[in-house]
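The values are calculated or read from the model by the stated rules, or taken from the named source; none is laboratory data. Computed from a predicted structure; not experimentally measured. Glycine gets a Cβ as well: all are built from the backbone with ideal geometry, and neighbour counts include every protein chain shown. When the accessible area is computed, the model is the full protein with side chains, heavy atoms only, and any ligands, DNA or RNA have been set aside. Shrake-Rupley method; radii C 1.70, N 1.55, O 1.52, S 1.80 Å.
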Amino acid sequence: MKKVIVIGGGNAALCAAITAAQNGAKVTILESAPKELRGGNSQHTRNMRTYHPEPTKTLVENYPFEEYYEDLLKVTKGETNQELATLAIKNSVDLYHWMESLGINFQPSLKGTLSLSRTNAFFLGGGKTLVNREYQIANDLGVEVLYEHEVLNVKLNNNIVEYLEVKLPNSQIKKFKADAYIAASGGFESNRDWLRQAWGEQSKNYLIRGTKFNQGKVLKSLLTQGVKKVGKEEQGHAVAVDGRAPLYDGGIVTRLDCVPFGIVLNEKGNRFYDEGEDFWPKRYAIWGRLVASQPNQVGHVIIDSKSFDLFMPSVFEPTKADTLEELAKKLNLPVEQVTKTINEFNAAVVDGEFDLTKLDNCKTEGLEVNKTHWARRIDTPPYYGYTLRPGVTFTYLGVKIDKDARVYMEDGKPMTNLFATGEMVAGNILSQGYLAGIGMTIGGVFGRIAGKGAANV
């Protein structure tokens, strides 16, 4: 019986561990978080993007491979590994049915989740329920889980992993050995020093949407020993979140999805980007960077009562006012400039047929920054506002893998006993941009591949 160690405790790691156990391996998971905080960023997810040629119990119509792939090319501007992207997409439907077979339940898309009923499979109960169920399945298969076991170093000898150096709950350091290893411990987004080096001083104002345990120690250990890197250090998944969110673990409930239905102002009271450029699931992940580029890394989205029930609200109540002047004051924005911007926007709106399900013909004309879809006058009180800040989900710097999820060295040699999945490999497919739910797809698909490979080294 092969011994496999999985580094990490989120969905990607669990898919790898479960698959390795199903293939006859003795599996140990090393999770750096305590049990109550287990699950990595997966505990905050809602769904995964799923190719399906026909309707399922919870997914409507169909989502062809060709459309999925084109959606990916659009957000990455064509910069992706075609072989690995194709593999992830084509295997996403098998991942969906495999999860169902394990007793993981799905539900129809939630009201206000914007165009995802056809493309994304929603986990019943969300990410926390998902990972809890996966831990139950792993336990039933005999997988050992060691919490508060932080991997500090992956000791390599040429293209072989010799052992892991692990910090135990009592702070002692212990070596762990196995026949094969799977790295699934995420990126470096929670390492504030590394994030500042890669993303600049303004990153001190960024919030981290997920776990504080993604410190990038395994990633750095591998890269400094000659493992081939992929992805750009300065790239990652970052969205606009409620400015009142906590520094860590704000999760999905602090994301603001009202941008397409209003306008977004910087602290000077000016618009700076097309809020209706495309469907929100294809554009929400650019708004973290957009807000980060504004003074003090702050933005403010303003909507009126016509749009209030069209999106999933933040966990925090919005700022509310009966006049735009009052709202601007409450948001600490320059009243005169805000009213000027909104009046100019309202005057530029071209009336059309408002339709959330398509790229409609409601737009503006004649502005320096036009809104190309879903543009409606902001003229119906009460008015609502949310303050936005950049929220980082995960970073794209990672390790090079092949179709077998095997890690590669800079000299082109494959590792004999090291596989990887999850956010650590996302950069193979995501050079930039993001598609809602594709991170979970990448983690699940390559987790299963890595688990099978590790069990058969």
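Remarks
- If the condition is being of a type outside the set (A, V, I, L, M, F, W, C), open to solvent by 10 Å² or more (accessible area, probe 1.4 Å) and in contact with a Phe, Trp or Tyr (Cβ under 9 Å, 6 or more places away or on another chain), then the range 249-264 contributes only Arg255.
- Failed condition for Leu84, given (1) closer than 23 Å to Gly433 by Cβ; (2) open to solvent by 10 Å² or more (accessible area, probe 1.4 Å): (2)
- A count restricted to the range 250-267 and to residues that are in contact (Cβ under 8 Å) with a residue 40 or more places away in the chain and in contact with a strand residue (DSSP E or B) (Cβ under 8 Å, 6 or more places away or on another chain) stands at 12.
- Within the span defined as the range 113-121, every residue fails to be among the β-branched types (Val, Ile, Thr), part of a helix (DSSP H, G or I) and open to solvent by less than 40 Å² (accessible area, probe 1.4 Å).
- Strands (runs of 3 or more DSSP E) lying entirely in the range 1-49 (those with 2 or more residues that are farther than 17 Å from Gly127 by Cα and at pLDDT 95 or above): 3-7, 26-31
- Residues that are open to solvent by less than 80 Å² (accessible area, probe 1.4 Å) and not acidic (Asp, Glu), drawn from the range 87-103: Leu87, Ala88, Ile89, Asn91, Ser92, Val93, Leu95, Tyr96, Trp98, Met99, Leu102, Gly103
- You will find that of Gly427, Gly433, the residue that is within 20 Å of the chain's Cα centre (by Cα), in the same structural domain as Gly39 (by the TED database) and under 30 Å from Phe316 (Cβ atoms) is Gly433 and no other.
- Single condition Asn296 does not satisfy, out of (1) buried (at least 19 other Cβ atoms within 10 Å of the Cβ); (2) over 20 Å from the mean Cα position of the chain (by Cα): (1)
- Selection within the range 122-134 - touching a strand residue (DSSP E or B) at 6+ places or on another chain (Cβ under 7 Å) and open to solvent by less than 30 Å² (accessible area, probe 1.4 Å): Phe122, Phe123, Leu130
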